[in-house]
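**Student:** Handing you this structure, nothing more for now.
The values are calculated or read from the model by the stated rules, or taken from the named source; none is laboratory data. Note that the structure is a prediction, hence the values are computed from the model and not measured. As a convention, Cβ positions derive from the backbone with ideal geometry for all residues, glycine included, and neighbour counts pool all protein chains shown. Note: areas computed on protein heavy atoms with side chains; ligands, DNA, RNA excluded. Shrake-Rupley method; radii C 1.70, N 1.55, O 1.52, S 1.80 Å.
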Amino acid sequence: MTSSLLPLFLSFLPQAAEPRPLATTISEVTVYGGTASVRRSATVPAGDGLFVVGGLPMTLDPESLRVRLTGGEVVGVETRRRVLAAASDERLAELRARIRALEDELHVLKDEDEVQGLLADHVTRLLKQEERTHQDEVGAGRVNPEAWEANYRFLAQKMKELKDARRELARRKAEKELALADLRGEQGRAAPGAGVPQLDVVLDLVGGGGTLELEYLVSKAGWEPYYDLRAKKDLATVELAYRARIFQHTGEDWSETEVLLSTAQPQRGAQGPEPVAQWLSLNDPRRGAERRAREPEEALGYGGDVDDRAVNASPAMKAVYAAVESEGLSVRYRLPRKETIASRPEPTSVLIGRAELTLTSEHYVVPALDTTVWLRGKAKNTSAWVLLPGRAAVYFGADFVGHAELASVQLAQEFELALGADPGLTVERTKLTDEREKGGVFSSKAALTEGWRVTLENHGAFTNL
């Protein structure tokens with residue numbers, strides 16, 4: 001009798017309400033060096049209840065999840081993991097095609113590397129042959145220093161070019177291999193029966209009838225700067241093009257959203273190491289304390305004012321350039337229009353801005369290492385943007401000079417720009433004195449005396465002075 005009444009009794013118990021789906025859209029993304037902060041927004045109907053925001057990526061950090069509701073309160077937040085069905089056949093076919101294309105590109109890079117290696121071996125053999133020829137000529141009394149130096153300089157330059165080319169090939173191979181690993185991992189996750197894991201966020205709301213904002217950090221995202229520096233052929237100015245490569249493989253597309261690029265580094269944390277006192281002598285550390293206390297603060301480097309004129313002197317940029325938003329310890333660049341950045345291994349390039357900087361030029365040479373005279377320019381960062389460390393493509397006039405690594409350049413800070421060799425200036429370094437004195441009977445000291453003459457000739461050096 002009792003067992004027959006149990007189902008009837010359970011039917012009268014209150015059932016847990018299923019959360020209602022809540023559609024959200026990505027309204028803003030702030031991209032850092034190795035992470036990104038995503039902000040979603042939605043309109044919540046009036047009244048209390050449970051809501052679920054579904055289909056969030058597994059790259060989401062649950063500890064970073066923050067929810068705000070205007071006109072109500074968020075009394076509960078819970079994340080749940082679920083697995084979606086496997087990807088479609090079309091998606092799998094697309095992944096296979098991209099994998100084959102990357103594999104073909106890697107084969108081409110491998111062939112190029114093998115060719116460069118064979119050329120490097122050939123140059124090494126030529127250097128050894130040149131050394132034997134040099135010894136034979138010296139033994140026969142045929143001394144030709146100019147020809148020897150020209151041959152060695154030519155072979156050394158070829159060896160340097162081959163090493164630079166192989167380093168560039170290694171960098172490109174590493175990028176392709178990383179992209180290939182990501183695609184193969186995505187193919188494995190999208191295989192039939194594998195499924196795609198995603199996160200749902202369940203919200204317990206009281207009040208409602210307002211705007212809900214959901215903010216969280218995702219991994220597998222970031223940005224890096226790269227530059228075009230074009231020096232005018234009269235060496236008066238240099239045009240700076242500031243671009244960014246945004247990469248994101250988070251599992252969700254950022255479609256038609258506001259994008260900001262931040263110079264902050266949240267991966268480093270908010271707190272640094274505390275100094276630990278270490279006494280490096282056996283003396284009493286309290287000795288001299290009174291004397292140190294009387295030292296002025298200026299001797300310790302305190303009491304200076306920060307000059308913010310450089311920050312406030314930035315001219316207003318056109319609407320096609322990123323707007324600068326100072327956040328105290330960091331700067332954010334708000335892109336001028338909404339961007340769509342798909343979740344994929346390849347980065348997306350965007351323009352931050354352009355500026356024209358005044359340039360002054362100078363020549364430099366280190367004859368003991370290389371008699372080539374090089375041209376370089378000096379410019380001051382009068383743009384509106386802090387230049388982060390990155391790779392720059394350098395042009396002189398219409399010619400591409402090469403790549404250079406640009407260090408961090410603050411506002412109003414000077415930086416150097418290499419512009420290549422100037423054939424209009426030649427340097428000759430001639431040894432005049434080479435004396436060696438060995439130690440005597442009562443001394444083991446030896447003396448070496450060298451004298452050099454450096455001759456500089458101007459055959460029409462390029463300058464703006």
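**Student:** Can we say Leu217 is modelled with pLDDT of 80 or more and open to solvent by less than 30 Å² (accessible area, probe 1.4 Å)?
**Tutor:** No; evaluated as a whole, the condition is false for this residue.
**Student:** Counting only residues that are aliphatic (A, V, I, L, M) and not in a helix (DSSP H, G or I), which one in the stretch 127-159 is nearest to Glu428 (Cα to Cα)?
**Tutor:** The residue in question is Val143.
**Student:** Looking at Val143, Val202, Val196, can you tell me which residue is in contact with a strand residue (DSSP E or B) (Cβ under 7 Å, 6 or more places away or on another chain), modelled with pLDDT under 90 and among the β-branched types (Val, Ile, Thr)?
**Tutor:** Details: Val143 fails: in contact with a strand residue (DSSP E or B) (Cβ under 7 Å, 6 or more places away or on another chain); Val202 fails: modelled with pLDDT under 90.
Going through Val143, Val202, Val196 in turn, just one is in contact with a strand residue (DSSP E or B) (Cβ under 7 Å, 6 or more places away or on another chain), modelled with pLDDT under 90 and among the β-branched types (Val, Ile, Thr): Val196.
**Student:** Which strands (runs of 3 or more DSSP E) sit wholly inside the stretch 317-392 and have at least 3 residues that are open to solvent by 30 Å² or more (accessible area, probe 1.4 Å) and acidic (Asp, Glu)? Break it down stepwise before answering.
**Tutor:** Numbers: elements: 323-326, 331-334, 339-341, 344-366, 370-380.
The qualifying strands (runs of 3 or more DSSP E) are 344-366.
**Student:** Also, quick follow-up: Got a sec? Which of Glu435, Glu450, Glu405 is among the charged types (D, E, K, R) and touching an Asp or Glu at 6+ places or on another chain (Cβ under 7 Å)?
**Tutor:** Glu450
**Student:** Within the stretch 220-247, track down each residue that is open to solvent by 50 Å² or more (accessible area, probe 1.4 Å) and in a strand (DSSP E or B). Can you show your working first?
**Tutor:** From the stretch 220-247, those open to solvent by 50 Å² or more (accessible area, probe 1.4 Å) are 220, 224, 230, 232-234, 239, 243, 245, 247; that's our starting set.
Within the stretch 220-247, Glu224, Arg230, Glu239, Arg243, Arg245, Phe247 qualify.
**Student:** Further, regarding this structure: So which strands (runs of 3 or more DSSP E) are wholly in the stretch 407-459 and hold at least 1 residues that are free of Cβ contacts under 8 Å to residues at least 40 places away in the same chain and touching a Gly at 6+ places or on another chain (Cβ under 6 Å)?
**Tutor:** 425-437
**Student:** Checking the conditions here, which among Ala85, Ala150 is open to solvent by less than 80 Å² (accessible area, probe 1.4 Å) and at pLDDT below 90?
**Tutor:** Matching residue, one of Ala85, Ala150: Ala150.
**Student:** I'm trying to understand the selection: among the residues of the stretch 29-60, which are among the hydroxyl-bearing types (Ser, Thr, Tyr), within 21 Å of the chain's Cα centre (by Cα) and open to solvent by 30 Å² or more (accessible area, probe 1.4 Å)?
**Tutor:** Once the filter is applied, which keeps residues that are among the hydroxyl-bearing types (Ser, Thr, Tyr), within 21 Å of the chain's Cα centre (by Cα) and open to solvent by 30 Å² or more (accessible area, probe 1.4 Å), the stretch 29-60 yields Tyr32, Thr35.
Results for (1) surrounded by 12 or more Cβ atoms within 10 Å (Cβ to Cβ); (2) in contact with a strand residue (DSSP E or B) (Cβ under 8 Å, 6 or more places away or on another chain); (3) free of Cβ contacts under 8 Å to residues at least 12 places away in the same chain, shown as yes or no for each residue.
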| position | (1), (2), (3) |
| --- | --- |
| Pro62 | yes, yes, no |
| Leu65 | yes, yes, no |
| Gly71 | yes, yes, no |
| Arg80 | yes, yes, no |
| His107 | no, no, yes |
| Leu118 | no, no, yes |
| Val123 | yes, no, no |
| Thr133 | yes, no, yes |
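**Student:** Here's a follow-up. Quick one: which of Thr211, Thr263, Thr250, Thr257 is open to solvent by 60 Å² or more (accessible area, probe 1.4 Å), within 22 Å of Glu28 (Cα to Cα) and either in contact with a Lys or Arg (Cβ under 7 Å, 6 or more places away or on another chain) or not aromatic (Phe, Trp, Tyr) (or both)?
**Tutor:** Thr211
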